[in-house]
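Report on the structure given below.
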Ligand code: PHE
């Protein structure tokens with residue numbers, strides 16, 4: 001009988017290696033401690049032994065039973081720690097919902113703008129955010145002391161060697177330097193100006209630039225393209241008007257306004273009682289710009305436009321404060 005106990009102990013120690021979950025654990029518990037186990041039958045047959053043997057075998061059998069119990073308890077505890085639960089898992093319960101991310105409203109607006117211009121033949125082009133004075137100003141016909149620079153206070157880097165671009169217009173130059181006409185590009189991207197943040201200003205914001213150059217481009221083409229854009233973006237009923245303006249790199253230049261989407265043009269606080277909302281700047285490419293990129297201004301003409309993405313998004317989605325886009329407030333962002 002003592003041999004029998006030794007055998008049970010050895011078999012038990014060998015088989016605990018196979019425990020990998022609560023199911024195999026329970027199987028072993030039944031096998032070694034259950035009613036039909038070798039240990040139980042040893043304990044049952046104690047009565048057939050003589051006094052001395054009974055005491056000895058009984059003691060050993062009980063010690064073995066306690067050892068087995070303790071060992072199984074320990075394994076159960078370890079398994080529980082691994083799975084985080086001591087109870088078995090109900091695999092039929094529904095899972096935890098995964099919350100899906102969304103596009104940021106600015107990204108979404110950029111995509112909407114690009115989706116309108118792409119079918120019109122405009123290809124997306126990008127350029128660096130760290131620019132030189134040459135690409136950001138000089139090549140765009142802003143001479144060093146020109147007052148038009150005042151409107152675009154820049155962040156200078158390395159003592160003025162570089163700056164954070166104040167507009168996406170330098171992409172025009174970079175593309176024209178590398179390609180021969182015809183050119184038709186749309187260039188979304190981030191810009192920086194040294195402005196103090198308030199409801200309508202942010203030192204970091206986004207623009208989308210557009211440029212078309214060919215042998216036969218006229219102001220009417222600009223009007224046609226922009227009216228298509230505005231109607232698709234804001235609705236067919238929206239009116240558009242061009243107001244003469246100034247940009248160094250376009251001539252003539254215009255500021256484009258749309259009839260107020262809040263009051264329909266009657267005049268309200270959003271449109272400053274004018275009935276109109278300015279949405280972008282535009283014009284015909286200045287001959288001086290063509291000269292910088294070695295395009296013949298007698299042969300080629302072109303139009304360019306630029307818009308602030310935040311401005312478009314604020315108007316389209318009725319957002320009253322530009323700062324909301326950058327505060328990572330999920331309650332705000334989830335609405336788009
Ligand atoms: N880059 C100009 C700005 O930021 C906008 C513009 C782009 C105007 C292209 C005309 C043509 O003010």
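A few remarks follow.
- Scope segment 178-189; condition over 25 Å from residue 108 (Cβ atoms) and either within 11 Å of the ligand (Cβ to nearest atom) or part of a loop (DSSP other than H, G, I, E, B) (or both); matching residues: 179, 180, 181, 182
- Some residue of segment 271-281 being free of Cβ contacts under 8 Å to residues at least 12 places away in the same chain, under 30 Å from residue 196 (Cα atoms) and out of contact with any strand residue (DSSP E or B) (no Cβ under 9 Å at 6 or more places or on another chain): yes
- The residue that is surrounded by the most Cβ atoms within 10 Å (Cβ to Cβ), among those in segment 233-253 that are part of a loop (DSSP other than H, G, I, E, B) and more than 16 Å from the ligand (Cβ to nearest atom), is 238.
- Segment 280-298, subset surrounded by 17 or more Cβ atoms within 10 Å (Cβ to Cβ), over 16 Å from residue 182 (Cα atoms) and more than 32 Å from the chain's Cα centre (by Cα), residue farthest from the ligand (Cβ to nearest atom): 292
- Among residues of segment 190-201, those that are part of a loop (DSSP other than H, G, I, E, B) and under 21 Å from residue 148 (Cβ atoms), counted: 5
- Residues in segment 123-153 that are buried (at least 21 other Cβ atoms within 10 Å of the Cβ) and within 27 Å of the chain's Cα centre (by Cα): 125, 131.
- Hits in segment 28-49 - residues which are in contact (Cβ under 8 Å) with a residue 24 or more places away in the chain and within 60 Å of the chain's Cα centre (by Cα): 28, 29, 32, 33
- Enumeration of residues in segment 202-232 that are part of a helix (DSSP H, G or I) and in contact with a strand residue (DSSP E or B) (Cβ under 9 Å, 6 or more places away or on another chain): 219, 221, 222, 223, 225, 226, 227, 229, 230, 231
- Any hit, segment 270-279, residues being closer than 23 Å to residue 118 by Cα and buried (at least 18 other Cβ atoms within 10 Å of the Cβ): yes
- Of the residues 103, 86, 112, the single one that is modelled with pLDDT of 90 or more, outside any helix (DSSP H, G or I) and more than 21 Å from residue 12 (Cβ to Cβ) is 103.
- Boolean, residue 266 is away from the ligand (no atom under 15 Å from the Cβ) and either crowded, with 19+ Cβ neighbours inside 10 Å or in a loop (DSSP other than H, G, I, E, B) (or both): yes
- Yes/no for residue 310 being in the same structural domain as residue 141 (by TED's automatic domain parsing), in contact with a helix residue (DSSP H, G or I) (Cβ under 6 Å, 6 or more places away or on another chain) and assigned to a helix (DSSP H, G or I): yes
- Residue count for segment 156-177 under the criterion of being without any contact (Cβ under 8 Å) to a residue 40 or more places away in the chain and either within 31 Å of the chain's Cα centre (by Cα) or within 13 Å of the ligand (Cβ to nearest atom) (or both): the result is 8.
- Of the residues contained in segment 119-127, none is found to be within 15 Å of the ligand (Cβ to nearest atom) and assigned to a helix (DSSP H, G or I).
- Residue match in segment 315-332 (condition: within 14 Å of the ligand (Cβ to nearest atom), farther than 20 Å from residue 136 by Cβ, surrounded by 21 or more Cβ atoms within 10 Å (Cβ to Cβ) and touching a residue at least 40 places away in the same chain (Cβ under 8 Å)): no
The values are calculated or read from the model by the stated rules, or taken from the named source; none is laboratory data. What you see is a predicted model, and the numbers here were worked out from it, not measured in a lab. Ideal geometry is used to build each Cβ from the backbone, glycine not excepted, and the neighbour counts take in all protein chains shown.
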